[in-house]
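The structure appears below as structure tokens.
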Amino acid sequence: MASISIENVSKRYADGALAVNHVSLDVADGEFVVLVGPSGCGKSTLLRMIAGLEEISDGRIVVNGKVVNELPAKDRDIAMVFQTYALFPHMTVERNLSFGLRLRGTPRAETERRVREAAALLRLEPLMTRRPGQLSGGQRQRVAIGRALVREPAAFLMDEPLSNLDAKLRVHMRTEFARLRERLHTTTVYVTHDQVEAMTLGDRVCVMRDGLVQQVDTPEQLFLRPRNIFVAGFIGSPEMNFAAGRIENGELRLGSLRFPLPAAAVPAASEGKPVVVGLRPSDIREVPGKDTVEMRVQVELVERLGSEILAVFPVDATGVSADSVAAGDGAAIMAGGESRTSFTARLDASTPAAAGRPIPLHVNPAAIHLFDPATGMALRQGGT
């Protein structure tokens, strides 16, 4: 296994476009780190630079204490699994698994041992004589993983390996990845645009936007303590509700709603100024609790998901886009937006919510997040 250190790394293309902007990240020996963000944020480019498939414009990458900037990809002792399976269609599963080892001149007995162990681990034994065209998408992805596994590399790099699978197969393969992680403990950097994958797989998650690292933390801390409005809006499903509010006399004013806040909860400089209010759907509850504030709302839409429902209701406050605030346009939007927006609550399926029907909902002020509309940075990190 190996540690990976990314030190102030940038990628600049010939036309001046900056795909990765001074990124620093340390991946510990045996750690599973996920790079996540929207399309075009630079996560795959960063992964390819670690692999040696893209040149580094600035900074350096250190693998197991050795600077690898100038080292060819084949000499980095790193195995990569791509979004496309890249299997040889004319070869059997067994030949696909063993091809790289045979190419390197690995002794036959050692090759057979590694292939046998990988096949057992990935439950490929019944498929060894089949060709890729005879396999399902999930089976082909397991073969692609096995081909990387037999190399016994110092680290794995995985570039959106589940994005070509349907929803049911993605859930199944997430379970497979989690099982492999627990058994192998091999250093892994995994790229995805799916925040559910990131949260369920990663020991730590690195959230990226426009080539910049926004936050690196455990999945729990990203959810509970986002450091800016972009992370808050990107992590969590359904996404966090946002609206314009104001702090006055120790209270948060959100339209006609009033939420008392402890004096120490918000910087003094925010008193009397507009703030962006963030509230997760899961923090809006149907049952009152200690210190909760009641909201009587008129439900507009109900989405039934089996074990839970999503209830959409209006709030008489200006709606705010997390992406706009993150891009520096928040102040203008808050000044000129409509004084009405919609919030979503995630409720138990037994809640008697129906479109057009008023219901009481409850919020603990301690769960409310507050953000600076000018910078998007967190003023108060909620969570109960």
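Since every read-out is calculated from the coordinates, none of them should be taken as a lab result. As the structure is a prediction and not an experimental result, all values here were calculated from the model. Ideal geometry is used to build each Cβ from the backbone, glycine not excepted, and the neighbour counts take in all protein chains shown.
Who wins for biggest fluctuation among Gly40, Gly289, Gly211 in a Gaussian network model of the chain, springs between alpha carbons below 10 Å?
Looking only at Gly40, Gly289, Gly211, the largest GNM fluctuation is found for Gly289.
Give me Rg/Rg_expected for region 221-322, where Rg uses Cα atoms only and Rg_expected = 2.2 N^0.38 Å with N residues. Walk me through the numbers on the way to the answer.
Working: Rg = 14.4 Å, N = 102, 2.2 N^0.38 = 12.8 Å.
Dividing the Cα Rg of region 221-322 by 2.2 N^0.38 Å gives 1.13.
Using +1 at the Cβ of each Lys and Arg and -1 at the Cβ of each Asp and Glu in the chain, identify which of Leu97, Val207, Leu305 lies farthest towards the dipole's positive end.
Of the listed residues, the answer is Leu97.
Testing the spin-label approximation: label points 7 Å from Cα along Cα→Cβ at Val67 and Leu53. State their distance in nm.
Each label point lies 7 Å from its Cα, and together they span 2.5 nm.
Rule-of-thumb check for region 120-239: C-alpha Rg over 2.2 N^0.38 Å? Don't skip to the answer; put the middle values down first.
Numbers: Rg = 16.0 Å, N = 120, 2.2 N^0.38 = 13.6 Å.
In units of the globular-protein estimate, region 120-239 measures up at 1.18.
Mind putting a number on the dipole of the chain about its Cα centre? Charges go on the C-beta only, +1 for Lys and Arg and -1 for Asp and Glu, and I need it in Debye to the nearest 20. Each step should come with its number before you reach the end.
On the way: 45 positive and 45 negative charges, 259 e Å.
About 1240 debye.
Whole-Hz ³J(HN,Hα) for each residue in region 228-243, computed from phi via Karplus 6.51 cos²θ - 1.76 cosθ + 1.60 with θ = phi - 60°, x for glycine and proline: what do you get?
With coefficients 6.51, -1.76 and 1.60, one gets 8, 6, 5, 4, 4, x, 7, 8, x, 9, x, 6, 4, 7, 10, 7 Hz.
Measure nothing but the geometry: give the 0 to 90° angle between the long axis through the Cα atoms of 137-149 and the longest principal axis through the Cα atoms of the chain, rounded to 10°.
Result, in degrees: 60.
Using only the alpha-carbon atoms, how far is helix 167-184 inclined from the longest principal axis of the chain? Give it as 0 to 90 degrees, nearest 10.
The answer is roughly 70 degrees.
Place the peptides 253-262, 215-224, 105-114, 363-372 in order of packing, highest mean first, counting for every residue the other Cβ atoms within 10 Å and averaging per peptide.
Working: 253-262: 15.9, 215-224: 18.0, 105-114: 12.8, 363-372: 21.8.
Going from most to least packed, we get 363-372, 215-224, 253-262, 105-114.
Looking only at the chain, where both bridge partners belong to it, what percent of the DSSP beta bridges are antiparallel (to the nearest 5)?
Working: 58 of 77 bridges.
Bridges in the chain are about 75 percent antiparallel.
If r is the Cβ-Cβ distance from Glu308 to Leu169 and R0 is 22 Å, what FRET efficiency results, to the nearest 0.05? Kindly include the intermediate steps, with their values, before the conclusion.
Values: r = 24 Å, r/R0 = 1.07.
Computed FRET efficiency for Glu308 and Leu169 comes out at 0.40.
Only one of the values (i) 19.3, 57; (ii) 20.3, 69; (iii) 24.4, 77 was calculated from this structure for Rg and Dmax of the Cα atoms in Å; name its label.
Looking at Rg and Dmax of the Cα atoms in Å for this model, the match is (iii).
Taking Cα centroids, how far is region 189-252 from region 1-44 in Å?
First find each Cα centre; the distance between them is then 18 Å.
With +1 on each Lys and Arg Cβ and -1 on each Asp and Glu Cβ, and nothing else charged, work out how big the dipole of region 58-131 is about its Cα centre, in Debye to the nearest 20. The partial results should precede the final answer.
Values: 14 positive and 9 negative charges, 49 e Å.
Here the size comes out at about 240 debye.
Which residue, Ala144, Asn241, Thr188, has the largest displacement toward the positive end of the dipole of the chain when charges sit on each Cβ (Lys, Arg +1; Asp, Glu -1)?
Result: Ala144.
Given the C-alpha atoms of region 69-169, compute the convex hull and give its volume per residue in Å³.
On the way: hull volume 11.1 nm³, N = 101.
Value for region 69-169: 110 Å³ per residue.
State whether region 4-229 is rounded, prolate or oblate according to the following rule on the C-alpha gyration tensor (a ≥ b ≥ c being the square roots of its eigenvalues): a/c under 1.5 gives rounded; otherwise a/b larger than b/c gives prolate, and the remaining case gives oblate. Before the final figure, lay out the partial values.
Values: a/c = 1.89, a/b = 1.45, b/c = 1.31.
Since a/c reaches 1.5 and a/b is larger than b/c, the shape of region 4-229 is classed as prolate.
Suppose every Lys and Arg Cβ carries +1 and every Asp and Glu Cβ carries -1, with no other charges. What dipole size does region 4-229 come out with about its Cα centre, to the nearest 20 debye? Write down the numbers at each step before the final one.
Working: 32 positive and 28 negative charges, 171 e Å.
About 820 debye.
Which residue, Gly250, Gly278, Val320, has the largest displacement toward the positive end of the dipole of region 237-380 when charges sit on each Cβ (Lys, Arg +1; Asp, Glu -1)?
Gly250
For region 237-380, state the semi-axes of the equivalent ellipsoid (square roots of 5 times the eigenvalues of the alpha-carbon gyration tensor), sorted largest first and rounded to whole angstrom.
Numbers: eigenvalues 132, 59, 33 Å².
For region 237-380, the semi-axes come out at 26, 17, 13 Å.
For region 290-321, which trypsin sites (Lys or Arg not before Pro) are both in a DSSP coil and crowded by at most 14 other Cβ atoms within 10 Å?
Values: sites: Lys290, Arg296, Arg304; in loops: Lys290.
The qualifying sites are Lys290.
Based on DSSP H runs of at least 4 residues, each adding -39500 (n - 2.57), what is the mean residue ellipticity at 222 nm of the chain after dividing by all its residues, to the nearest 500 deg cm²/dmol?
Numbers: 10 runs with 96 residues, N = 384.
One gets -7000 deg cm²/dmol as the mean residue ellipticity at 222 nm.
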